[in-house]
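Each remark here refers to the structure printed beneath this line.
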Amino acid sequence: MLTAEIRRRFLAHFENAGHAVVPSAPLLFDDPNLLFVNAGMVPFKPYFLGQETPPWPTATSVQKCVRTQDIEEVGKTTRHGTFFQMNGNFSFGDYFKAGAITHAWDLITSSVDDGGLGFDPDSIWVTVLHSDDEARSLWKEIAGLPDERIQSRGLLDNYWHMGVAGPGGPASEIYVDRGPEFGPDGGPVVDEDRFLEIWNLVFMQEEITNVRAKDQFDVLGDLPNKNIDTGMGLERVAYLLQGKGNLYEIDEVYPVIERASEISGRTYGKDHTDDVRFRVVADHVRSG
Ligand code: SER
């Protein structure tokens, strides 16, 4: 499935469920804590914090993002990048955990003919925060997932915040099992290459402060509403649905490598060092 089609299906799924379709904000956004927009929720932060009234109860977007923490891995692995697009759906005090899980499950497992992404339900694993029994029960009820494919993790993996003071909450991550040829059994707690994360559902319910580390912060109190903030990695889904061996070989990215190959006179796929360079170029120019 083409990347553009995945993007279209994502937005249509949520528009059909009453969400306002909001265009991507520019990468350079007016937030004193951020150099670049690094998540789909950034433009909506004042709504989560209760500083502004949202014009709609729910929204969806495909947001351009840059994250630099893995910059040294770009091109060397099959899945790291700095520039990516995040498909997101957001609820500002409207639906909460049950709604987010229902929407996500429907989109990923509905057949391609029915407008979904057509992932095999048996290939889906999820993680929840260890104390979040409610999310675990909802995954069983709504998706029929067996207990062993719902794994519990601590704050480091399953609590999302912006890395600075702001909104935060427990997260539930959705993974696709690529099969035993990609790594050992045991789910995402054992191997995050074989079990590839595609979607993070954040139950955004607290305001946090004094962030010392990803898993060390103080909770100021509850947000005015219980909100939903989700982020699906568009290029990761494309890479899975296009059966490519590398994120840089999907339809929206590979043309950059082809052009770089024409300009440089070197060939992609012949030499590992050159391949890493090609992927670095493809990653960085897309943010331009
Ligand atoms: N804010 C969460 C993330 O960036 C979900 O969108 O993963």
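Computed from the coordinates by the stated procedures, all read-outs in this text should not be read as laboratory data. From a predicted model like this one, the values you see are computed outputs, not experimental measurements. Using ideal geometry, Cβ is built from the backbone for each residue, glycine included, and neighbour counts are taken over all protein chains shown.
What spacing in nm lies between the two simple spin-label points modelled at Leu220 and Arg8, each 7 Å away from Cα in the Cβ direction?
4.3
In nm, give the distance between the simple-model label positions of Ser123 and Ser287, each being 7 Å from the Cα along the Cα-to-Cβ direction.
The answer from the label model is 3.0 nm.
Can you give the % of DSSP beta bridges in the chain that are antiparallel, to the nearest 5?
Taking every DSSP beta bridge with both residues in the chain, the antiparallel ones total about 85 percent.
Using a simple charge model, +1 on the beta-carbon of Lys and Arg, -1 on the beta-carbon of Asp and Glu, nothing else, what dipole does the chain show about its Cα centre, in debye to the nearest 20?
It works out to roughly 660 debye.
Normalised by the residues of the chain, what does the relative contact order come to in percent, with Cα pairs under 8 Å and at least six apart?
20
Can you find, among Gly221, Gly183, Pro46, the residue farthest towards the positive end of the dipole of the chain? Put +1 on the C-beta of Lys and Arg, -1 on that of Asp and Glu.
Of Gly221, Gly183, Pro46, it is Pro46.
Using only the alpha-carbon atoms, how far is helix 133-143 inclined from the longest principal axis of the chain? Give it as 0 to 90 degrees, nearest 10.
60
Want the number for Thr53 to Val21: 0.36 nm per residue separation, take away the alpha-carbon distance, what's left?
Contour length minus the Cα-Cα distance gives 9.8 nm.
How high is the relative contact order of the stretch 95-244? Use alpha-carbon pairs under 8 Å, at least six apart in sequence, and give a whole percent.
Across the stretch 95-244, relative contact order equals 20 percent.
Collect residues whose amide H, placed 1.01 Å from N in the peptide plane, falls under 5 Å from the amide H of Leu223; neighbours closer than 5 in sequence don't count.
Here Glu206, Glu207 satisfy the definition.
Determine the calculated [θ] at 222 nm for the chain from helices alone, applying -39500 (n - 2.57) to every DSSP H run no shorter than 4 residues and normalising by the residue count; nearest 500 deg cm²/dmol.
The per-residue figure over the chain is -8000 deg cm²/dmol.
Name the residues of the stretch 149-189 whose amide N is less than 20 Å from a point 7 angstrom out from the Cα of Arg212 along the C-beta direction?
Taking a point 7 Å out along Cα→Cβ of Arg212, the residues of the stretch 149-189 whose backbone N falls under 20 Å are 154-169.
Just going by the charge dipole of the stretch 75-225, with Lys and Arg at +1 and Asp and Glu at -1 on Cβ, which of Val126, Asn200, Thr102 is farthest out on the positive end?
Final value for the positive-end residue is Asn200.
Using alpha carbons only, how many degrees (0 to 90, rounded to 10) separate the axis of helix 272-285 from the longest principal axis of the chain?
50
Two decimals is fine: what's Rg over Rh for the chain, C-alpha atoms, Kirkwood radius as Rh?
0.96
Give me the one-decimal nm value for the distance between modelled label points at Lys76 and Glu258, 7 Å along each residue's Cα-to-Cβ direction.
3.0
What residues have an amide H closer than 5 Å to that of Ala20, excluding those fewer than 5 places away on the same chain, when H is modeled at 1.01 Å from N in the peptide plane?
Sorted by chain and number, the residues that satisfy this are Thr58, Ala59, Thr60.
Taking Cα centroids, how far is the stretch 230-250 from the stretch 103-147 in Å?
19
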